[in-house]
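Visitor: Submitted below is the structure of interest, expressed as C-alpha cells.
The values are calculated or read from the model by the stated rules, or taken from the named source; none is laboratory data. Remember, predicted model here, so these are calculated numbers, not experimental data. Glycine also receives a Cβ, built like all others from the backbone with ideal geometry; neighbour counts cover every protein chain displayed.
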Amino acid sequence: MSSSGLAGADLQVGARVEHLELEGVWAVDPATGREGTADLTVDGGVIVELRWHAGRSRGRTGLVVAPGFVDLHAHFREPGREDAETIATGQAAAAHGGFTTVCVMPNTEPPLDEASTLRAVLARSSQTGSPVGVLAWGAATRRREGTGLAELGALAEAGAVGYSDDGAPIPAGLLRSVLAYAGMLRRPVADHAEERELTSGAEANEGLVGTILGLKGWPSAAEEGAIARDIAILADVLAADSPDARLHVTHVSTAGGVELVRRAKTAGLPVTCDVTPHHLALTDEWLAGSRRWSWQGAAASNPWADGAISGAPYDRSLKVNPPLRSSADARALLAGLADGTVDAIATDHAPHAAVDKEVEFGLAANGISGIETALGVLLEAIAAGELALLRAMEALTTGPARVLGLGSADGAAPGWPSLTVGQRADLVIFDPDDEWLVSESSLRSLGKNSPFLGRTLPGRVLATVAAGRLAHLDPELR
C-alpha cells in the first residue's frame with residue numbers, strides 16, 4: 001500500500017472512516033506482540049479485517065499501521081494559558097503526532113483540583129470537533145500547593161484517571177494519604193520526583209557541561225532521593241492494608257532513578273514509570289550546541305573535545321524539568337525501556353508562548369513542545385539499533401494503557417490499544433522512511449518551543465484515526 005493509494009481513499013478529517021483498505025502494510029499490534037505484513041480494512045469506523053500474510057516476514061517495508069498512541073503526560077494549557085495551547089490545538093498537534101488519546105496534567109490556571117474544573121476540561125474536549133480523546137489527571141492536593149488533599153473522590157466521579165501535582169512533588173505526609181485514598185478509588189498516583197532543597201535555582205544537569213556553561217547544577221540525587229522516598233512510602237501504605245495503591249513515577253531521567261524502579265518491581269511493588277523522548281535521545285551536550293543523539297557519543301564525553309559542537313549554546317527550548325542528563329543516563333533509560341522496567345513513553349508535551357521562552361536561559365519556562373516530534377525521535381533510535389519498533393509501539397500504546405487501567409489486556413474491551421477485529425478504529429498510519437521538516441508552520445501546536453526547528457525527522461504521519469473518525473490526514477494526501 002503506497003501513500004498515493006491512501007490518498008485515493010474517501011477520507012475527510014473529522015468524519016467517520018466509512019471504508020479504508022490498507023494492503024501489504026507493516027502492521028504492529030502490541031496487544032498480541034505481533035508484527036509483519038498484513039492487510040487491514042476499516043468499515044464504518046470499525047476494524048473489520050486484519051489478515052496477516054503467510055510466511056515469515058524478512059523485514060519491515062513500506063507504510064506502518066499501529067494502534068493510535070496514548071500519551072500519559074501532556075499539557076494543553078486550557079484553562080488559563082490559551083496563548084500557549086488550547087485543547088483544540090493540542091488535539092490537532094496530538095493527531096499530527098499519531099496520538100489518539102492524551103492525558104492532560106492538572107497544572108492549569110486554575111488547576112484541576114475541583115470536580116467542576118475537571119468536568120469543564122473534559123466537556124471542552126468533546127466540543128472541539130476533534131475525535132482525539134482527552135483524559136485528565138486530577139490534582140493530588142488543593143491548588144497543587146501541598147497543604148491539604150484535593151477532593152479525590154469527587155475528582156474520580158468527574159472522570160479523573162489518577163492524581164498528580166505534576167511540576168510539584170507531593171509532600172511525604174500527604175503522599176501517604178493520597179496513595180491510600182487513590183488505591184481505594186482504583187487509580188494511580190503520578191509523582192514528580194524532585195527534592196527541591198537540592199534544586200533551588202538549578203538550571204541544568206550537574207556535570208561538565210553545566211559547569212563550563214556557568215549554569216547551576218541539578219544533581220541526580222534530587223530525583224533519586226525522591227523516588228526512593230516514594231517507593232518506601234508506597235511499601236508502608238501497602239503494608240497498612242491498602243492493597244490497591246499504585247505509584248507511577250513520571251519522566252524518570254537518571255540511571256539511578258530507573259534502577260530504583262527496577263528494584264521495586266523485582267520486589268513485587270506496584271510501581272510504574274515513564275520516560276520522555278527527549279530524555280532518551282538528547283543529552284546536556286545540546287545545551288553547549290551539540291546536535292548528536294545520545295547514542296552517538298561516548299558514555300562519558302566532552303562535546304568541545306569531541307568536536308561535536310555544531311549549534312549555538314543556551315537554546316532555551318532545551319530547558320526542561322527534569323533537565324537533560326548525560327549520555328550514560330540516556331543509555332540507562334534506553335536499557336530500561338528495552339527490558340521492560342520503563343512502562344511507557346510519555347511526551348511531557350509542554351508548549352509555551354514565546355514571551356515565556358525568549359528570555360535569559362535560567363529564567364525560561366521549562367518544557368519542549370514535543371507531542372508532534374516524539375515518533376520521529378524514536379524512529380531515529382530505531383534506525384540506530386537502539387530500540388525495536390515493536391517495543392517502541394508497545395511503550396506508546398499498551399504500556400500507558402496498563403498504567404491507566406484502560407480496557408482489558410485481551411484487546412476486546414474499548415480503550416485497549418490493539419488491531420483487534422471488531423474494535424473501533426484507533427490507528428496511526430505512518431511512513432518511517434519519509435522525512436518531514438520541523439518548522440513553525442508544520443507544527444500544529446501553538447507552542448513552537450522545539451529544539452528540532454529547522455531539522456528533518458523521519459516518520460511522516462499520513463493519517464490518524466481516533467474513535468473511528470479521521471483525526472489527521474497529511475496535507476499532501478488531501
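Visitor: Hey, could you check region 167-182 for residues that are at pLDDT 95 or above and closer than 23 Å to A74 by Cα and say which is surrounded by the fewest Cβ atoms within 10 Å (Cβ to Cβ)?
Guide: Residue satisfying both the conditions and the ranking: P171.
Visitor: Just to verify a result, which residue in region 449-478, among those that are among the basic types (K, R) and under 27 Å from A384 (Cβ atoms), is farthest from the chain's Cα centre (by Cα)?
Guide: First, pick out the residues of region 449-478 that are among the basic types (K, R): 455, 460, 469, 478.
Still in the list and also under 27 Å from A384 (Cβ atoms): 455, 460.
Working: R455: 21, R460: 18 Å.
Checked region 449-478; the qualifying residue farthest from the chain's Cα centre (by Cα) is R455.
Visitor: Something else: Restricting to region 353-382, name every residue that is in a helix (DSSP H, G or I) and surrounded by fewer than 15 Cβ atoms within 10 Å (Cβ to Cβ).
Guide: Initial filter on region 353-382 (in a helix (DSSP H, G or I)): 354-357, 361-363, 374-382.
Of everything in region 353-382, those that are in a helix (DSSP H, G or I) and surrounded by fewer than 15 Cβ atoms within 10 Å (Cβ to Cβ) turn out to be A354, V355, L363.
Visitor: If you go through region 128-162 one residue at a time, how many are within 15 Å of C103 (Cβ to Cβ) and touching a residue at least 40 places away in the same chain (Cβ under 8 Å)? Give the steps one after another, and end with the answer.
Guide: Taking region 128-162 and keeping what is within 15 Å of C103 (Cβ to Cβ), we get 132-140, 155-156, 158-162.
If we keep only those that are touching a residue at least 40 places away in the same chain (Cβ under 8 Å) too, we end up with 132-135, 137, 140, 155, 158-162.
Number satisfying all stated conditions: 12.
Visitor: Would you mind finding the one in S294, S301, S242 that is surrounded by 24 or more Cβ atoms within 10 Å (Cβ to Cβ), of a type in the set (S, T, Y) and part of a loop (DSSP other than H, G, I, E, B)?
Guide: Within the list S294, S301, S242, the selection yields S294.
For (1) in contact with a strand residue (DSSP E or B) (Cβ under 8 Å, 6 or more places away or on another chain); (2) more than 16 Å from R60 (Cβ to Cβ); (3) among the hydroxyl-bearing types (S, T, Y), each residue gets a yes or a no:
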| site | (1), (2), (3) |
| --- | --- |
| A353 | no, yes, no |
| K357 | no, yes, no |
| L363 | no, yes, no |
| I371 | yes, yes, no |
| L375 | yes, no, no |
| A381 | no, no, no |
| A384 | no, no, no |
| R391 | no, no, no |
| L396 | yes, yes, no |
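Visitor: Output the qualifying pairs, or none if there are none: Cβ atoms under 7 angstrom, residues six or more apart or on different chains, first residue in region 170-185 and within 18 Å of T272 (Cα to Cα), second residue among the β-branched types (V, I, T) and in a helix (DSSP H, G or I).
Guide: I170/V178; L175/I233; R176/I233; R176/V237; L179/I233; L179/V237; A180/V237
For (1) assigned to a strand (DSSP E or B); (2) on the phi < 0 side of the Ramachandran plot, each residue gets a yes or a no:
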| site | (1), (2) |
| --- | --- |
| G14 | no, no |
| T32 | no, yes |
| A38 | yes, yes |
| T41 | yes, yes |
| G62 | no, no |
| L72 | yes, yes |
| P79 | no, yes |
| Q91 | no, yes |
| V102 | yes, yes |
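Visitor: Has region 139-155 got at least one residue that is crowded, with 23+ Cβ neighbours inside 10 Å and out of contact with any Gly (no Cβ under 8 Å at 6 or more places or on another chain)?
Guide: The answer is yes, given that some residue of region 139-155 is crowded, with 23+ Cβ neighbours inside 10 Å and out of contact with any Gly (no Cβ under 8 Å at 6 or more places or on another chain).
Visitor: Taking region 304-339, which residues are under 17 Å from E224 (Cβ atoms), more than 20 Å from the chain's Cα centre (by Cα) and surrounded by fewer than 18 Cβ atoms within 10 Å (Cβ to Cβ)? Break it down stepwise before answering.
Guide: Step one: list which residues in region 304-339 are under 17 Å from E224 (Cβ atoms), which gives 321-326, 328-333, 335-336.
Now restrict to residues that are more than 20 Å from the chain's Cα centre (by Cα): 326, 328.
Hit for region 304-339 is A328, nothing else.
Visitor: Sticking with this one: Considering T341, T347, which residue is touching a Pro at 6+ places or on another chain (Cβ under 7 Å) and assigned to a loop (DSSP other than H, G, I, E, B)? Steps first, please.
Guide: Details: T341 fails: touching a Pro at 6+ places or on another chain (Cβ under 7 Å).
None of the other options fit; the residue is T347.
Visitor: Can you name the residue in region 205-239 that is of a type in the set (A, V, I, L, M) and more than 21 Å from D191 (Cα to Cα) and, of all such residues, is surrounded by the most Cβ atoms within 10 Å (Cβ to Cβ)? Break it down stepwise before answering.
Guide: In the first step, residues of region 205-239 are kept if they are of a type in the set (A, V, I, L, M); the result is 208-209, 212-213, 215, 221-222, 226-228, 231-235, 237-239.
If we keep only those that are more than 21 Å from D191 (Cα to Cα) as well, we get 208-209, 212-213, 215.
Numbers: L208: 17, V209: 25, I212: 14, L213: 16, L215: 21.
For region 205-239, the residue satisfying everything is V209.
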